[in-house]
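The values are calculated or read from the model by the stated rules, or taken from the named source; none is laboratory data. Not measured: the values here are computed from a predicted model. Quick reminder, even Gly has a Cβ in these numbers, built from the backbone with ideal geometry, and neighbours come from all protein chains shown.
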Amino acid sequence: MKRPAVLVLGPHRAAVSGVSTHVNTLLASGLAEDFLLIHFQLGSEGLKESRAGQVARLAASPFRLAAAILKRGVAIVHINSSLNARAYWRDLAHMLVAKACGARVLFQVHGGKLPADFCRNNRLLAALLRRTLRLPDAIVVLSSIELEAYQRFARREQVVALPNGIDCLPYASILRERPDPAGALRLAYVGRLAREKGLYELLTGLKLAHAAGVRARLVIAGSGPEEEGLRRFVAAAGIGHAVSFAGPVCGAGKSALFAQSDLFVLPSHAEGLPYALLESMAAGVPAIVTRVGAIPEVVFEGVHGLFVPLHDPEAIARAIATLDADRELLAQMSAACRKRIAASYSAERLADDVRRLYADLFAGKHADALH
């Protein structure tokens, strides 16, 4: 039997981002046994292009999408997006094209603002957003908080909370040694080097922890617009001996970093459900995190890590000191992290959930075709 075709929209597959990780996870999963998955590139991540090239790509993208749908007989268009101004207007055009071509649309939101926050009391924008959120045949969000917010705002039931999932196998093989009480605490950050990730607060917290007598080292892995600013900050703060920049890491390099880390630190100002957090926990690395996005649904306080308030370097310093002083608790958290991810955030679970969504959407499209 011919597999129904699904266009999966997202960044370049080589891009270093949570959405590209999600897209790659889907394309490599067992979903391909039941559906013909076709990647369609959106966004500038992973591309080197001029401003003119970017404008030309954006202008052509809806037409390319229409051609791909009609040529391949696509049944479902799976748009992976986030609720920010740039992504919203771009993906609204793709949503309208997909619907005009007769495809079912699955709109998956990977973070950004909640709908009410996105509109900022602008009634015209709120009315437009509410209307456009009724265009997709289903909306997928990452957490129960987002689920409630979207259902309340859009006034529709076709919103589903579907957490991310990862391939646990590369991390399950990592052998973890009990943290050495006499050794320096090994911290890691993996992700985009951007101000909203809370990296300046993290570095300030590290400096405060050092001033309090805590020995800790931090590896920052990733790239982004704040890299040079962060390097200058490290030098000015006098903590260059305790901070290293590893550049982007993936695959075996990421596994090796997590194998050599005691704590993952992500004091972000806003998140969806970070893949780096899931991966670090799968490797048995507890976390210091903020209560943003879906993170509180993954991390339980005192079980898988510690929470700190937003924009609070002092709290980060205290959390580092707390776990530095209690290596037994750190070891217990490590084991709990691995169990948590294997039980609820595996790629197999993600594929099963998406398979059911696709099947429902395809059944609805097939029923429409019979009338």
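Just to verify a result, which residue in the stretch 1-54, among those that are of a type in the set (S, T, N, Q) and not in a helix (DSSP H, G or I), is surrounded by the fewest Cβ atoms within 10 Å (Cβ to Cβ)?
It comes out as Ser50.
Mind checking whether some residue in the stretch 290-312 is under 19 Å from Ile220 (Cβ atoms), in contact (Cβ under 8 Å) with a residue 60 or more places away in the chain and hydroxyl-bearing (Ser, Thr, Tyr)?
Looking for residues that are under 19 Å from Ile220 (Cβ atoms), in contact (Cβ under 8 Å) with a residue 60 or more places away in the chain and hydroxyl-bearing (Ser, Thr, Tyr), one finds at least one in the stretch 290-312, hence yes.
Among Val77, Val97, Val105, which is among the β-branched types (Val, Ile, Thr), at pLDDT 95 or above and in contact with a Cys (Cβ under 9 Å, 6 or more places away or on another chain)?
Val77
How many residues does the stretch 38-66 contain that are within 22 Å of the chain's Cα centre (by Cα) and of a type in the set (A, V, I, L, M, F, W, C)?
Here the count works out to 4.
Given the criteria surrounded by 21 or more Cβ atoms within 10 Å (Cβ to Cβ), modelled with pLDDT of 95 or more and within 15 Å of Gly205 (Cβ to Cβ), does Val285 qualify?
On the way: surrounded by 21 or more Cβ atoms within 10 Å (Cβ to Cβ): yes; modelled with pLDDT of 95 or more: yes; within 15 Å of Gly205 (Cβ to Cβ): no.
No, not satisfied.
Does Gly272 satisfy being buried (at least 24 other Cβ atoms within 10 Å of the Cβ), in a loop (DSSP other than H, G, I, E, B) and modelled with pLDDT under 95? Explain how you work it out, then say what you get.
Numbers: buried (at least 24 other Cβ atoms within 10 Å of the Cβ): yes; in a loop (DSSP other than H, G, I, E, B): yes; modelled with pLDDT under 95: yes.
So Gly272 passes the test.
Quick check, is Ala59 outside any loop (DSSP other than H, G, I, E, B) and free of Cβ contacts under 8 Å to residues at least 40 places away in the same chain?
Taking the combined requirement at face value, the residue satisfies it.
Run Pro267 past the list (1) modelled with pLDDT of 95 or more; (2) over 24 Å from Cys337 (Cβ atoms); (3) not polar (S, T, N, Q) and report the number of the one that doesn't hold.
(2) is the only condition that Pro267 fails.
Has the stretch 252-260 got at least one residue that is in contact with a strand residue (DSSP E or B) (Cβ under 8 Å, 6 or more places away or on another chain) and buried (at least 23 other Cβ atoms within 10 Å of the Cβ)?
Checked against the condition, which is being in contact with a strand residue (DSSP E or B) (Cβ under 8 Å, 6 or more places away or on another chain) and buried (at least 23 other Cβ atoms within 10 Å of the Cβ), the stretch 252-260 yields at least one hit.
What are the residue pairs meeting all of these: first residue in the stretch 74-90, first residue closer than 21 Å to Phe153 by Cα and assigned to a strand (DSSP E or B), second residue among the aromatic types (Phe, Trp, Tyr) and modelled with pLDDT of 90 or more, Cβ atoms under 6 Å, and 6 or more apart or on different chains?
Ile79/Phe107; Leu83/Phe118
Just to verify a result, which residue in the stretch 172-198, among those that are among the hydrophobic types (A, V, I, L, M, F, W, C), touching a helix residue (DSSP H, G or I) at 6+ places or on another chain (Cβ under 6 Å) and assigned to a loop (DSSP other than H, G, I, E, B), is surrounded by the fewest Cβ atoms within 10 Å (Cβ to Cβ)?
Ile174
Going through Ala87, Ala75 one at a time, which residue ends up being surrounded by 19 or more Cβ atoms within 10 Å (Cβ to Cβ), of a type outside the set (D, E, K, R) and touching a helix residue (DSSP H, G or I) at 6+ places or on another chain (Cβ under 7 Å)? So that I can check it myself, show each step before the final result.
Details: Ala87 fails: touching a helix residue (DSSP H, G or I) at 6+ places or on another chain (Cβ under 7 Å).
Step by step, each of Ala87, Ala75 is checked, and only Ala75 is surrounded by 19 or more Cβ atoms within 10 Å (Cβ to Cβ), of a type outside the set (D, E, K, R) and touching a helix residue (DSSP H, G or I) at 6+ places or on another chain (Cβ under 7 Å).
Go through (1) more than 25 Å from the chain's Cα centre (by Cα); (2) farther than 28 Å from Lys48 by Cβ and name the single condition Arg232 misses.
(2)
What about Ile69, is it of a type in the set (Val, Ile, Thr) and within 21 Å of the chain's Cα centre (by Cα)?
no
Among the residues of the stretch 155-171, how many are out of contact with any helix residue (DSSP H, G or I) (no Cβ under 8 Å at 6 or more places or on another chain) and either assigned by TED's automatic domain parsing to the domain that holds Glu314 or aliphatic (A, V, I, L, M) (or both)?
Filtering the stretch 155-171 down to residues out of contact with any helix residue (DSSP H, G or I) (no Cβ under 8 Å at 6 or more places or on another chain) leaves 156, 158, 169.
Still in the running and either assigned by TED's automatic domain parsing to the domain that holds Glu314 or aliphatic (A, V, I, L, M) (or both): 169.
Counting residues in the stretch 155-171 that are out of contact with any helix residue (DSSP H, G or I) (no Cβ under 8 Å at 6 or more places or on another chain) and either assigned by TED's automatic domain parsing to the domain that holds Glu314 or aliphatic (A, V, I, L, M) (or both) gives 1.
Tell me, which residue of the stretch 200-251 that is among the hydroxyl-bearing types (Ser, Thr, Tyr) and assigned to a helix (DSSP H, G or I) is surrounded by the fewest Cβ atoms within 10 Å (Cβ to Cβ)? Walk me through it before giving the result.
Residues of the stretch 200-251 among the hydroxyl-bearing types (Ser, Thr, Tyr): 200, 204, 223, 244.
The next check asks that each one be assigned to a helix (DSSP H, G or I); those that pass are 200, 204.
Numbers: Tyr200: 17, Thr204: 19.
Restricting to residues being among the hydroxyl-bearing types (Ser, Thr, Tyr) and assigned to a helix (DSSP H, G or I), the top hit is Tyr200.
Against the conditions (1) part of a helix (DSSP H, G or I); (2) touching a residue at least 60 places away in the same chain (Cβ under 8 Å); (3) in contact with a strand residue (DSSP E or B) (Cβ under 6 Å, 6 or more places away or on another chain), where does Leu147 fall short? Just the number, please.
(2)
For the stretch 101-108, state whether one or more residues are among the hydrophobic types (A, V, I, L, M, F, W, C), in contact with a strand residue (DSSP E or B) (Cβ under 7 Å, 6 or more places away or on another chain) and part of a loop (DSSP other than H, G, I, E, B).
Filtering the stretch 101-108 for residues among the hydrophobic types (A, V, I, L, M, F, W, C) gives 101, 103, 105-107.
Next, from what is left, pick out any that are in contact with a strand residue (DSSP E or B) (Cβ under 7 Å, 6 or more places away or on another chain): 103, 105-107.
Those still in the list that are part of a loop (DSSP other than H, G, I, E, B) too: 103.
The answer is yes; a qualifying residue exists.
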